[in-house]
1. Select the strands (runs of 3 or more DSSP E) contained entirely in region 127-245, then report the ones holding at least 1 residues which are among the charged types (D, E, K, R) and over 22 Å from residue 286 (Cβ atoms).
2. Go through the residues of region 229-246 one by one and say whether even a single one is within 12 Å of residue 293 (Cα to Cα) and in contact with a Leu (Cβ under 9 Å, 6 or more places away or on another chain).
3. Could you tell me which of the residues 200, 137, 172 is among the acidic types (Asp, Glu) and buried (at least 17 other Cβ atoms within 10 Å of the Cβ)?
4. If you scan region 205-258, which residues turn out to be touching a His at 6+ places or on another chain (Cβ under 7 Å) and among the small types (Gly, Ala, Ser)?
5. If we keep just the residues of region 207-255 that are among the basic types (Lys, Arg) and more than 59 Å from the chain's Cα centre (by Cα), which is farthest from residue 172 (Cα to Cα)?
6. Do you know which of the residues in region 226-252 that are surrounded by fewer than 23 Cβ atoms within 10 Å (Cβ to Cβ) and touching a helix residue (DSSP H, G or I) at 6+ places or on another chain (Cβ under 6 Å) is farthest from residue 196 (Cα to Cα)?
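The values are calculated or read from the model by the stated rules, or taken from the named source; none is laboratory data. What you are looking at is a predicted structure, and each value in this text was computed from that prediction instead of being measured. Backbone-built Cβ (ideal geometry, glycine too); neighbour counts: all protein chains shown.
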Amino acid sequence: MKYFLSIVSIVFSLQLFAQFEPKSPVKDPQTFNDKSYNFFLSKRLKTTMNQRDSLHQLVVAFNKDTTLRGKEYRYLDSLYKALTAKYNNCTEKNNELKQQFAEMNAKYNELMTKSLSDAERFNNALKIKAEELEAREKRLAELQGIINKQDSLLNALNDAVKKALLAFKSDEITVEMKNGKVYVSMSDKLLFKSGSAAVEDKGLDAIKTLGDVLNKNPDIDVLIEGHTDNIPINTAKYEDNWALSADRALSIVRLLSNQHNVNPKRLEAAGRAEFYPKASNETAEGRAKNRRTEIILSPKLDELYKLIEKNRR
């Protein structure tokens, strides 16, 4: 029974020790409870001290580990912040580059569109110019063909006239080709007496020969010009050199038309008086050269005029 009570007392003391905070050991314990208290208090204290020491070691280790982790954390945090700043900077630059790329791409597309448009306009203009050049070359070829034909006709006419008039002297008739025309110059002494418009016999032969050549070349227009020297004339029939030169030209026109059947539509007469001299009127020889009748033969330019008129439209 006494043993049982002791056990109960111990349990009760433990409960009290568990319920209340431990106090200092009881000095000079007399009772069993006091002794039990001191006993358990000593054991608890040792356990607590051991736990405290273990806990202290854990705290030291933890503090040491925390310091290292703090340094690592701070390093990693600074590295993270630096990388974040770089990332943000790269992101900003990337956005700027994207914007620049978009602008440059828009300009490129605009330039490409404009370039293609300009190239198309240039090609169209070039095509039009090429067509115009081709048409111009065609017209030039046509004109050159007509001119070549006329030159050929003129050369043949010049040769035919020279050959036909070989029987006449050089101081009576000269034949030359200039300015795209054949000039047949007949002297005054071959055709007319002084102050007269009536053609002499030898002159009639020359006009007949020329009429034959003209009839063989129907595409030739004929201009007859009467020329005098500068010595004034004043007769009952002619009041001045204008009248005399014009009447002489008309005499040749009438002979070619009436007697040699040259189409009158091809003939034209003009009096030039003394205003187109071939030589100086200061000498007798010069005045003799100026007293002449020029028969100017020129190819008809109908085809050329038609082509020019066609190109004007």
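1. 181-187, 220-227
2. no
3. One residue alone meets the criteria, 172.
4. Matches in region 205-258: 211, 245.
5. First, the residues of region 207-255 that are among the basic types (Lys, Arg): 208, 216, 237, 248, 254.
Those left that are additionally more than 59 Å from the chain's Cα centre (by Cα): 208, 237, 248, 254.
Working: 208: 15, 237: 26, 248: 16, 254: 21 Å.
The residue in question is 237.
6. 229
One line per residue, one yes/no per condition, for (1) under 30 Å from residue 26 (Cβ atoms); (2) at pLDDT below 70; (3) not assigned by TED's automatic domain parsing to the domain that holds residue 27:
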position	(1), (2), (3)
40	yes, yes, no
46	yes, yes, no
50	yes, no, no
57	no, no, no
72	no, no, no
77	no, no, no
83	no, no, no
94	no, no, no
97	no, no, no
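For every residue, the table says whether it meets (1) touching a Pro at 6+ places or on another chain (Cβ under 9 Å); (2) among the hydrophobic types (A, V, I, L, M, F, W, C); (3) at pLDDT 95 or above.
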position: 169; (1), (2), (3): no, no, no
position: 172; (1), (2), (3): no, no, no
position: 183; (1), (2), (3): no, no, yes
position: 224; (1), (2), (3): no, yes, yes
position: 245; (1), (2), (3): no, no, yes
position: 253; (1), (2), (3): yes, yes, yes
